[in-house]
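Structure first, then comments.
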């Protein structure tokens, strides 16, 4: 009996050890799994092919107090897009409330609590608008980068690690969970399985800061939205004031001959 | 309002350069984040806070929040905040309202 149990134990030990011994010679998985990159690209292509969509983002964002303690803020962004020239965004957060409108002619940002809005004559397409907003007005469009995967403008070159973590249920949707690394930032993305590879969740960890603050978004998509045209056009309510963009003020006021430097 | 800008900004000097006004430390800043690449959660705006500066406001300087006890006045349809001896004119820096210190508006 004793002999039996000993040899059983030995056999078990051997059996457990065997896979370890076998695993050793296997080539190490590449740091950047091409399948994970490919999933990003498929997602990007799918998003670019949507003529119209509404997406709601529920986000949490860590911040760090002077004491070094990490705290979390929350907020939502409702984004409505109709290509090629309509956008509406409603942002509601612990520290921020504003709306943005683009109807193909004018871009407006409006803070209803502040009672101020600013506007400029906008280019004819969302693509051009994004460029003008970023370069001239220092306004980044949320989620925009997700749409660029699989194009020459994507961030593949910066990725130093990419792997599929597993399967996860996000708000009732089955997703593939991916993890990516790049300088100063780790990020994770949950992409819906099946025929609609939309991002369902995104977590970004800033590894450059010792508190490793995170930003997290859960995304809810409507890919067959019905939008009224008036959604995209800003009509100033009574008692609100139009003010300037700092960029416009500086362009007009810095005496470098840039007067009237309205963007186009 | 926020008194932590200076310290963190200097601590994160390497990061803050990128953080233009639109990426000020607000929720939407991060919501606005262009996915992973540009995410800078703790980086601070390069503008100051009037209350923190605490000295005479310099014309042309930009602040993110006003000192206490301001009154609103509208001159030629431009809204100003009159706080102590200084006048502040609101503007959008990125998608966020900031205030630039201006000379007294001419009626």
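The numbers here are math on the coordinates, done by the rules we state, and not lab data. Predicted model, so just to flag it, every value in this text is computed and none were measured. So basically every Cβ, Gly included, is an ideal-geometry build from the backbone, and we count neighbours across all protein chains shown.
Here is how the numbers come out for the structure above:
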{"item": "Within chain A, helix-based [θ] at 222 nm, where runs of 4 or more DSSP H residues each add -39,500 (n - 2.57), nearest 500", "result": "-7000 deg cm²/dmol"}
{"item": "Relative packing of A:241-249, B:86-94, which averages over residues the other C-beta atoms within 10 Å, highest first", "result": "B:86-94, A:241-249"}
{"item": "Shielding by partners, peptide A:56-63 (average Cβ within 10 angstrom, other chains)", "result": "4"}
{"item": "Gain in span if fully extended, residue A:124 to residue A:45, counting 0.36 nm per residue against the direct Cα distance", "result": "26.2 nm"}
{"item": "Span per principal axis, largest first, for the Cα atoms of the stretch A:102-201 (Å)", "result": "46, 32, 27"}
{"item": "Average beta-carbon neighbours from other chains, 10 Å sphere, peptide B:83-95", "result": "6"}
{"item": "Ordering of A:158-171, A:53-66 by burial proxy (mean other Cβ atoms within 10 Å per residue, highest first)", "result": "A:53-66, A:158-171"}
{"item": "Sites residue A:222 and residue B:85, calculated FRET efficiency, Cβ-Cβ separation with R0 41 Å, nearest 0.05", "result": "0.20"}
{"item": "Peptide A:84-91, shielding by other chains (average Cβ, 10 Å cutoff)", "result": "1"}
{"item": "Projected label distance in nm at residue A:92 and residue A:250, using a 7 Å step from Cα toward the beta-carbon", "result": "3.3 nm"}
{"item": "Nearest 10 degrees, 0 to 90: helix A:126-137 Cα axis against chain A principal axis", "result": "80 degrees"}
{"item": "Volume per residue that the Cα convex hull of the stretch A:34-253 spans, once the total is divided by residue count, Å³", "result": "155 Å³"}
{"item": "C-alpha long axis of helix A:34-48 to longest principal axis of chain A, angle in °", "result": "30 degrees"}
{"item": "Fewest-first sequence of A:235, B:100 by Cβ atoms within 10 Å of each Cβ", "result": "A:235, B:100"}
{"item": "Efficiency of FRET from Cβ geometry, residue A:157 and residue B:77, R₀ 35 Å, rounded to 0.05", "result": "0.10"}
{"item": "Packing rank of A:69-77, B:66-74, where each peptide gets the mean count of other beta carbons within 10 Å, highest leading", "result": "A:69-77, B:66-74"}
{"item": "0 to 90° range, to nearest 10: angle between helix A:2-23 axis and chain A longest Cα axis", "result": "40 degrees"}
